[in-house]
Amino acid sequence: MTDTTPGGTGHPVTERPALTALRRWYTAAWLLLGLVPSVIGAGNDSGPVKWASLGLVAAALAYTAVHRARHHSTLHLGILAAGLGVMAALPGGGAALLIAALPQFWFQARGPRAAVLLSGCAAAATAAGSLWRDSPGNAAAALTGYAVSVLAGLLLHRLITDGEARTAALATELSLTQEQLAAAHRAQGAVAERERMAREIHDTLAQGFASIIVLAEAARTGLDGDREHTARQLRSIERTARENFAEARVLVGSAPHSGLSPGSVVPTLRRTLERFAQDTGITVDAELAEDVDCDQQTRIALLRCTQESLANVRKHADASTVGVVLVQGPYAIELEITDDGRGFVVEESRGFGLDGMRKRLAELDGELTVTSSVGDGTRVLATFPTAFPPDLPTDFPTNGRP
């Protein structure tokens, strides 16, 4: 099929399957309701008139088979209009044949005006042929059928035009919505990535730099005192700076892993606690279960929660003792960090560190509980679910609790 519509490309286009099926159904209706009755009507006559009628029917049948009612063709419709007029003057033709042929004018004309004009010519030719045969009833039926077809054709054309306009508008709106949704997803992803980077920088680089500052100040004030103690502080500064450099390489993507190697998290936690006790002089009581089994993301979260809690103790608590307990139950891993410092009012606390820990645990379906009061120290409890109880469904909402 060729695109011959006004403004069309003139190139072959593929017809929609629904339209192809409609054209096939109409071709069958044209044969059964148009040509077959004409053959039956001509069968009651004899002589040249009969054969002329049958010849025209055969010509119409052959032309329909070749043409297949696919192309916009004014010539074809003009020939059809003239043929209907001739058939109306012969036995077997008339209003019924015209009415069966009228849809062809709407299928194949280049627009509604052309369809009205050409079908009107066919109706006039049919009426003239019927009157010539002295059949005014057929003429009136032909004109009535034409009037009804014009009303129905214009209505269908309007409905189709409105439907195509709505389809185009919906397609445009859908395309715009998809673009807006993609932009929103990109923006959301950028915000989430910025939050993740900010949390990682706070939990790693910022804490490391804070430790370096504290150690450097202590080392500077002790230059004239215990040189061995100062040397240990300088080594700690160097070690912290190297760790910060390694973490920076991880954040910019030039290193494959964080400072936490695969395996048990306990050795890493012990080194962190030893460093904290050495740098601050605060006593650390640690009870760490050696058989804690968890994935890499949970190990990183455990380490970051420990680092953040110790950093808060260093900066705010003025504590003398810190307790750290790590246990694994049947359905959860719990990390508890307590101190005997000055405490604070949890409801009035607004800190990036605590919010970052909560978000980090929430990503793992965990929960962070902070308990504190002024003068009574602080307790931080991080809970990581590992499994559901056997008597609960897998989609049971636990809010991070076993």
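The values are calculated or read from the model by the stated rules, or taken from the named source; none is laboratory data. Values in this document were obtained by computation on a predicted structure and should not be read as measured data. All Cβ positions, glycine included, derive from the backbone under ideal geometry; neighbour counts span all protein chains shown. Ligands, DNA and RNA are excluded from the accessible area calculation, which covers all protein heavy atoms including side chains. Shrake-Rupley method; radii C 1.70, N 1.55, O 1.52, S 1.80 Å.
Checking the a/c ratio against 1.5 first, then a/b against b/c, what shape does the Cα gyration tensor give for the stretch 326-378? Oblate.
Among the protein heavy atoms of the stretch 262-384, carbon and sulfur supply 48% of the accessible surface, probe 1.4 Å, non-protein parts ignored. Amide hydrogen proximity for VAL322: with H placed 1.01 Å from N in the peptide plane, the residues at 5 or more positions away or on another chain lying under 5 Å are THR283, VAL284, ASP285. Per-residue packing, averaged as other Cβ atoms within 10 Å, sorts the ranges 82-89, 373-380, 152-159 into the order 82-89, 373-380, 152-159, beginning with the highest. Take the alpha carbon gyration tensor of the stretch 110-160, find the square roots of its eigenvalues, order them as a ≥ b ≥ c, and report rounded if a/c is under 1.5; if not, report prolate when a/b exceeds b/c, else oblate. Verdict is oblate for the stretch 110-160. The stretch 286-339 and the stretch 113-156 have Cα centres lying 92 Å from one another.
By the scheme Lys and Arg +1, Asp and Glu -1, what is the net charge of all other residues having a beta-carbon under 12 Å from that of ALA187? Residues close to ALA187 contribute a combined charge of +1. Each peptide in 325-335, 169-179 was scored by the mean count of other Cβ atoms within 10 Å over its residues; highest first, the order is 325-335, 169-179. In order along the stretch 180-188, phi translates into HN-Hα couplings of 5, 5, 5, 5, 5, 5, 5, 5, 4 Hz, rounded to whole numbers, per the Karplus curve 6.51 cos²θ - 1.76 cosθ + 1.60 with θ = phi - 60° and x for Gly and Pro.
The phi torsions of the stretch 287-304, fed into the Karplus equation with coefficients 6.51, -1.76 and 1.60 and a -60° offset, translate into couplings of 10, 10, 5, 6, 9, 5, 10, 8, 7, 5, 4, 5, 4, 5, 4, 4, 5, 5 Hz, rounded to whole numbers, with Gly and Pro shown as x.
Couplings 3J(HN,Hα) for the stretch 305-310, derived from phi with the Karplus relation 6.51 cos²θ - 1.76 cosθ + 1.60 (θ = phi - 60°), are 5, 5, 4, 5, 5, 5 Hz, where x marks Gly and Pro. Protein heavy-atom surface of the stretch 112-192, 1.4 angstrom probe: 69% of the accessible area is carbon and sulfur, with nucleic acids and ligands not counted.
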